[in-house]
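The values are calculated or read from the model by the stated rules, or taken from the named source; none is laboratory data. Quantities reported herein were computed from a predicted structural model and do not represent experimental measurements. Positions of Cβ are generated from backbone atoms using ideal geometry, with glycine treated the same way; all protein chains shown enter the neighbour counts. Just the protein is used for accessible areas: all its heavy atoms, side chains included, with ligands, DNA and RNA removed. Shrake-Rupley method; radii C 1.70, N 1.55, O 1.52, S 1.80 Å.
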Amino acid sequence: MMGKLSDVLTRHLWLQVVLSWLVATAVLLLIYPGRSVPAVLARVVITSVGGLWFALRIRSREKRAAGGSAEGLADLERQLRTGEVPADPERREALRELVDRRLHRTRHRGAALVFLFLLFGGVVVLTALTAGPRQTLGFGLLAVVFLTWAVVGGGRGQRRLRDMRDLLAAAPDSTGPDRPAPGPAGPGVERGGPRPAGAAASVIRERGRPRCGSGQILLSVAVSAESRWAT
(Lines give C-alpha, C1' and ligand atoms only; values in the text may rest on other atoms or scores of the structure.)
Protein backbone atom coordinates (compact mmCIF):
# COMPACT_ATOMS: atom_id res chain seq x y z
CA MET A 1 0.00 0.00 0.00
CA MET A 2 2.72 2.46 0.99
CA GLY A 3 4.74 1.45 -2.06
CA LYS A 4 1.85 2.28 -4.37
CA LEU A 5 1.30 5.60 -2.62
CA SER A 6 4.99 6.43 -2.99
CA ASP A 7 4.84 5.61 -6.71
CA VAL A 8 1.83 7.90 -7.18
CA LEU A 9 3.52 10.76 -5.33
CA THR A 10 6.71 10.29 -7.34
CA ARG A 11 4.80 10.43 -10.63
CA HIS A 12 2.74 13.47 -9.61
CA LEU A 13 4.84 16.16 -7.94
CA TRP A 14 1.85 18.51 -7.91
CA LEU A 15 0.09 16.09 -5.54
CA GLN A 16 3.02 16.26 -3.11
CA VAL A 17 2.88 20.05 -3.21
CA VAL A 18 -0.87 20.24 -2.65
CA LEU A 19 -0.72 17.80 0.25
CA SER A 20 2.11 19.80 1.83
CA TRP A 21 0.09 23.00 1.51
CA LEU A 22 -2.99 21.39 3.06
CA VAL A 23 -1.06 19.88 5.96
CA ALA A 24 0.72 23.16 6.72
CA THR A 25 -2.57 25.07 6.54
CA ALA A 26 -4.33 22.61 8.85
CA VAL A 27 -1.50 22.78 11.40
CA LEU A 28 -1.52 26.58 11.45
CA LEU A 29 -5.30 26.69 11.81
CA LEU A 30 -5.06 24.37 14.81
CA ILE A 31 -2.36 26.53 16.37
CA TYR A 32 -4.08 29.82 15.52
CA PRO A 33 -7.83 29.15 15.56
CA GLY A 34 -10.13 31.79 14.16
CA ARG A 35 -7.87 32.70 11.25
CA SER A 36 -9.30 32.88 7.77
CA VAL A 37 -8.69 29.65 5.87
CA PRO A 38 -8.04 31.38 2.51
CA ALA A 39 -5.67 33.84 4.17
CA VAL A 40 -3.68 31.10 5.91
CA LEU A 41 -3.54 29.01 2.74
CA ALA A 42 -2.40 32.01 0.72
CA ARG A 43 0.42 32.72 3.16
CA VAL A 44 1.53 29.08 3.10
CA VAL A 45 1.59 29.11 -0.70
CA ILE A 46 3.50 32.37 -0.87
CA THR A 47 6.12 31.32 1.69
CA SER A 48 6.71 28.04 -0.17
CA VAL A 49 7.26 29.58 -3.61
CA GLY A 50 11.04 29.37 -3.36
CA GLY A 51 11.04 25.74 -2.29
CA LEU A 52 8.49 24.87 -4.96
CA TRP A 53 10.56 26.49 -7.73
CA PHE A 54 13.65 24.62 -6.57
CA ALA A 55 11.76 21.31 -6.40
CA LEU A 56 10.36 21.71 -9.91
CA ARG A 57 13.78 22.59 -11.29
CA ILE A 58 15.48 19.58 -9.72
CA ARG A 59 12.56 17.31 -10.60
CA SER A 60 12.93 18.27 -14.26
CA ARG A 61 16.61 17.29 -14.18
CA GLU A 62 15.86 13.97 -12.53
CA LYS A 63 13.19 13.17 -15.08
CA ARG A 64 15.70 13.74 -17.86
CA ALA A 65 18.18 11.53 -16.04
CA ALA A 66 15.57 8.76 -15.81
CA GLY A 67 14.77 8.88 -19.52
CA GLY A 68 12.61 11.99 -19.75
CA SER A 69 9.46 10.75 -18.04
CA ALA A 70 7.96 10.59 -14.57
CA GLU A 71 7.36 6.88 -15.13
CA GLY A 72 11.07 6.27 -15.58
CA LEU A 73 11.89 8.20 -12.41
CA ALA A 74 9.20 6.31 -10.49
CA ASP A 75 10.72 3.02 -11.66
CA LEU A 76 14.16 4.07 -10.39
CA GLU A 77 12.65 5.14 -7.06
CA ARG A 78 10.80 1.82 -6.75
CA GLN A 79 13.95 -0.18 -7.51
CA LEU A 80 15.87 1.87 -4.95
CA ARG A 81 13.15 1.30 -2.37
CA THR A 82 12.88 -2.46 -2.95
CA GLY A 83 16.57 -3.13 -3.52
CA GLU A 84 16.03 -4.37 -7.07
CA VAL A 85 19.02 -4.01 -9.39
CA PRO A 86 17.91 -3.17 -12.96
CA ALA A 87 18.73 -5.79 -15.57
CA ASP A 88 19.20 -3.22 -18.33
CA PRO A 89 22.77 -1.80 -18.32
CA GLU A 90 21.62 1.76 -19.06
CA ARG A 91 19.04 1.72 -16.28
CA ARG A 92 21.62 0.21 -13.96
CA GLU A 93 24.08 2.98 -14.79
CA ALA A 94 21.37 5.61 -14.31
CA LEU A 95 20.51 4.21 -10.88
CA ARG A 96 24.20 4.06 -9.97
CA GLU A 97 24.68 7.73 -10.78
CA LEU A 98 21.50 8.64 -8.92
CA VAL A 99 22.65 6.80 -5.80
CA ASP A 100 26.14 8.33 -5.92
CA ARG A 101 24.75 11.84 -6.30
CA ARG A 102 22.32 11.47 -3.41
CA LEU A 103 24.98 10.02 -1.13
CA HIS A 104 27.25 12.93 -2.01
CA ARG A 105 24.47 15.44 -1.33
CA THR A 106 23.69 13.97 2.11
CA ARG A 107 27.29 13.60 3.27
CA HIS A 108 26.74 16.40 5.83
CA ARG A 109 23.48 14.97 7.15
CA GLY A 110 24.66 15.05 10.77
CA ALA A 111 25.42 18.77 10.69
CA ALA A 112 22.11 19.45 8.93
CA LEU A 113 20.20 17.60 11.67
CA VAL A 114 21.97 19.61 14.36
CA PHE A 115 20.96 22.81 12.54
CA LEU A 116 17.33 21.65 12.32
CA PHE A 117 17.23 20.80 16.02
CA LEU A 118 18.59 24.24 16.90
CA LEU A 119 16.21 25.96 14.47
CA PHE A 120 13.05 24.26 15.69
CA GLY A 121 14.17 24.52 19.31
CA GLY A 122 14.69 28.24 18.88
CA VAL A 123 11.26 28.67 17.31
CA VAL A 124 9.61 26.81 20.20
CA VAL A 125 11.48 28.89 22.80
CA LEU A 126 10.62 32.18 21.09
CA THR A 127 7.00 31.11 20.79
CA ALA A 128 6.91 30.29 24.50
CA LEU A 129 8.26 33.76 25.30
CA THR A 130 6.00 35.71 22.96
CA ALA A 131 2.78 33.69 22.57
CA GLY A 132 0.40 31.55 24.57
CA PRO A 133 0.45 27.91 25.71
CA ARG A 134 -1.59 26.73 22.72
CA GLN A 135 0.92 28.09 20.22
CA THR A 136 3.88 26.77 22.24
CA LEU A 137 2.36 23.30 22.47
CA GLY A 138 1.46 23.35 18.77
CA PHE A 139 4.93 24.29 17.57
CA GLY A 140 6.47 21.90 20.09
CA LEU A 141 4.47 18.97 18.71
CA LEU A 142 5.26 20.06 15.16
CA ALA A 143 8.97 20.13 16.00
CA VAL A 144 8.87 16.65 17.57
CA VAL A 145 6.99 15.13 14.64
CA PHE A 146 9.13 16.79 11.98
CA LEU A 147 12.47 16.07 13.63
CA THR A 148 11.48 12.45 14.27
CA TRP A 149 10.60 12.12 10.59
CA ALA A 150 13.91 13.74 9.61
CA VAL A 151 15.96 11.38 11.79
CA VAL A 152 14.08 8.12 11.18
CA GLY A 153 13.10 8.69 7.55
CA GLY A 154 16.46 10.18 6.64
CA GLY A 155 18.34 7.31 8.26
CA ARG A 156 16.24 4.75 6.42
CA GLY A 157 16.90 6.55 3.15
CA GLN A 158 20.64 6.56 3.82
CA ARG A 159 20.64 2.83 4.50
CA ARG A 160 18.78 2.17 1.26
CA LEU A 161 21.27 4.24 -0.70
CA ARG A 162 24.26 2.45 0.82
CA ASP A 163 22.67 -0.97 0.30
CA MET A 164 21.91 -0.18 -3.34
CA ARG A 165 25.44 1.14 -3.85
CA ASP A 166 26.80 -2.19 -2.62
CA LEU A 167 24.39 -4.16 -4.82
CA LEU A 168 25.32 -2.13 -7.88
CA ALA A 169 29.02 -2.55 -7.13
CA ALA A 170 28.54 -6.32 -7.10
CA ALA A 171 26.50 -6.27 -10.33
CA PRO A 172 28.17 -6.85 -13.73
CA ASP A 173 29.56 -3.71 -15.34
CA SER A 174 28.03 -2.21 -18.45
CA THR A 175 30.67 -3.61 -20.80
CA GLY A 176 29.27 -6.46 -22.89
CA PRO A 177 29.11 -7.82 -26.43
CA ASP A 178 26.96 -4.95 -27.59
CA ARG A 179 28.83 -2.21 -25.70
CA PRO A 180 32.34 -0.94 -26.50
CA ALA A 181 35.13 -1.69 -24.06
CA PRO A 182 37.31 1.17 -22.80
CA GLY A 183 40.08 2.06 -25.25
CA PRO A 184 42.17 4.93 -26.53
CA ALA A 185 40.28 8.08 -27.26
CA GLY A 186 40.03 9.06 -30.90
CA PRO A 187 38.91 12.25 -32.62
CA GLY A 188 35.57 13.31 -31.22
CA VAL A 189 35.34 10.21 -29.01
CA GLU A 190 35.79 10.32 -25.24
CA ARG A 191 38.09 7.85 -23.56
CA GLY A 192 36.14 4.74 -22.66
CA GLY A 193 34.07 4.74 -25.86
CA PRO A 194 31.06 6.77 -26.92
CA ARG A 195 28.89 8.26 -24.25
CA PRO A 196 25.98 5.88 -23.49
CA ALA A 197 22.63 6.92 -24.86
CA GLY A 198 19.29 7.45 -23.18
CA ALA A 199 18.92 7.48 -19.43
CA ALA A 200 22.55 6.86 -18.58
CA ALA A 201 23.78 9.71 -20.76
CA SER A 202 21.27 12.10 -19.24
CA VAL A 203 22.11 11.23 -15.68
CA ILE A 204 25.85 11.47 -16.34
CA ARG A 205 25.34 14.98 -17.72
CA GLU A 206 23.52 15.84 -14.53
CA ARG A 207 26.25 14.45 -12.22
CA GLY A 208 26.67 16.35 -9.02
CA ARG A 209 23.47 18.33 -9.23
CA PRO A 210 21.26 18.33 -6.16
CA ARG A 211 17.94 16.73 -5.62
CA CYS A 212 14.88 17.83 -3.88
CA GLY A 213 11.96 15.63 -2.84
CA SER A 214 8.65 16.00 -1.04
CA GLY A 215 10.33 16.11 2.39
CA GLN A 216 12.35 19.16 1.41
CA ILE A 217 9.20 20.86 0.11
CA LEU A 218 7.50 20.17 3.46
CA LEU A 219 10.56 21.53 5.27
CA SER A 220 10.36 24.75 3.27
CA VAL A 221 6.66 25.08 4.06
CA ALA A 222 7.05 24.26 7.75
CA VAL A 223 10.05 26.48 8.42
CA SER A 224 8.66 29.42 6.45
CA ALA A 225 5.27 29.08 8.13
CA GLU A 226 6.78 28.92 11.59
CA SER A 227 8.98 31.93 10.98
CA ARG A 228 6.00 33.88 9.65
CA TRP A 229 3.55 33.04 12.41
CA ALA A 230 5.85 32.97 15.41
CA THR A 231 6.21 36.75 15.31
Fill in the blank from the handout: Checked against (1) assigned to a helix (DSSP H, G or I); (2) touching a residue at least 24 places away in the same chain (Cβ under 8 Å), VAL114 satisfies every condition except (2)
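Tally time: how many residues in the range 45-97 are of a type in the set (A, V, I, L, M, F, W, C) and farther than 26 Å from LEU22 by Cβ? Break it down stepwise before answering.
Residues of the range 45-97 of a type in the set (A, V, I, L, M, F, W, C): 45-46, 49, 52-56, 58, 65-66, 70, 73-74, 76, 80, 85, 87, 94-95.
Still in the running and farther than 26 Å from LEU22 by Cβ: 65-66, 76, 80, 85, 87, 94-95.
So the answer is 8.
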Problem - Entirely in the range 1-92, the helices (runs of 4 or more DSSP H) that have 2 or more residues that are small (Gly, Ala, Ser) and over 21 Å from the mean Cα position of the chain (by Cα) - result: 37-47
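Filter the range 121-156 for residues that are of a type in the set (Gly, Ala, Ser) and surrounded by 14 or more Cβ atoms within 10 Å (Cβ to Cβ); which is farthest from THR25 (Cα to Cα)? Full working, then the answer.
So in the range 121-156, the residues of a type in the set (Gly, Ala, Ser) come out as 121-122, 128, 131-132, 138, 140, 143, 150, 153-155.
Now restrict to residues that are surrounded by 14 or more Cβ atoms within 10 Å (Cβ to Cβ): 128, 131, 138, 140, 143, 150, 154.
Details: ALA128: 21, ALA131: 19, GLY138: 13, GLY140: 17, ALA143: 16, ALA150: 20, GLY154: 24 Å.
Top of the filtered list is GLY154.
Conditions (1) modelled with pLDDT under 85; (2) surrounded by fewer than 18 Cβ atoms within 10 Å (Cβ to Cβ); (3) under 30 Å from GLY140 (Cα atoms), marked per residue:
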site	(1), (2), (3)
GLY34	no, yes, yes
THR47	no, no, yes
SER60	yes, yes, no
HIS108	no, yes, yes
Fill in the blank from the handout: Reported set for the range 78-98 where residues are in contact (Cβ under 8 Å) with a residue 24 or more places away in the chain and open to solvent by 30 Å² or more (accessible area, probe 1.4 Å) is ARG78, ARG81, THR82, GLY83, VAL85, PRO89, GLU90, ARG91, GLU93, ARG96
